[in-house]
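What follows is a set of notes on a single structure, which appears directly below.
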Amino acid sequence: MTFAGMNYLAILVAAVASWLAGAAWYMTLAKPWMRALGKTPEEIENCKQQPHSFLPYVYAFVAAAIMAWILAGLIGHLGPGQVTVRNGVISGLFCWLGFVFTTMLVNNSFAMRSPKLLVIDGGYWLLVLVLSGAIIGIMGV
């Protein structure tokens, strides 16, 4: 299922896998994440009752899809025969370190957020990019 040089099935699989990994990640780390955010379970529950409280889930999926699409484009630029699991994982790691982690570090530092929040959220985005890179490496661009 390639179109204009992109394997959109690989991108979709990577986005869905990333979204599901986020559900597992934040369900597992819910309590430490809330503490790092400075929120109580009651405050989080109140947020869930607000109109449009579903939108962060939509945004998370759209973000994962865009990241997978861009990552596929970057991996594809490595050249013929270079689209491998190893190169996908390395590309995801480099994108995370060069763009995601650095941005999060600056934003969280200026906002005076807990370093634990950076570790939890940053770890999730590392998982997303490495997982997406591996899937794209397996399925091709």
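The values are calculated or read from the model by the stated rules, or taken from the named source; none is laboratory data. All of these numbers come straight from a predicted model, not from anything done at the bench. No Cβ is skipped: glycine too gets one built from the backbone with ideal geometry, and neighbour counts run over all protein chains shown. SASA here: full protein model, heavy atoms, side chains in, ligands and nucleic acids out. Shrake-Rupley method; radii C 1.70, N 1.55, O 1.52, S 1.80 Å.
Considering only residues that are part of a loop (DSSP other than H, G, I, E, B) and open to solvent by 70 Å² or more (accessible area, probe 1.4 Å), which ones fall in segment 101-125?
Here is the first cut: in segment 101-125, the residues part of a loop (DSSP other than H, G, I, E, B) are 111-114.
Listed by number, the residues that qualify are M112, R113.
Considering the conditions (1) of a type in the set (V, I, T); (2) in contact (Cβ under 8 Å) with a residue 40 or more places away in the chain; (3) more than 23 Å from A134 (Cβ to Cβ), V83 is excluded by exactly one of them, (3).
Across segment 52-62, the number of residues qualifying as outside any helix (DSSP H, G or I) and open to solvent by less than 100 Å² (accessible area, probe 1.4 Å) comes to 1.
Set side by side, the residues L78, L97, L74 differ, and just one is in a helix (DSSP H, G or I), free of Cβ contacts under 8 Å to residues at least 24 places away in the same chain and either open to solvent by less than 60 Å² (accessible area, probe 1.4 Å) or over 19 Å from G123 (Cβ atoms) (or both), which is L74. Scan segment 40-63 and tell me whether some residue there is in contact (Cβ under 8 Å) with a residue 40 or more places away in the chain and within 20 Å of M139 (Cβ to Cβ). Yes: segment 40-63 contains one or more residues that are in contact (Cβ under 8 Å) with a residue 40 or more places away in the chain and within 20 Å of M139 (Cβ to Cβ).
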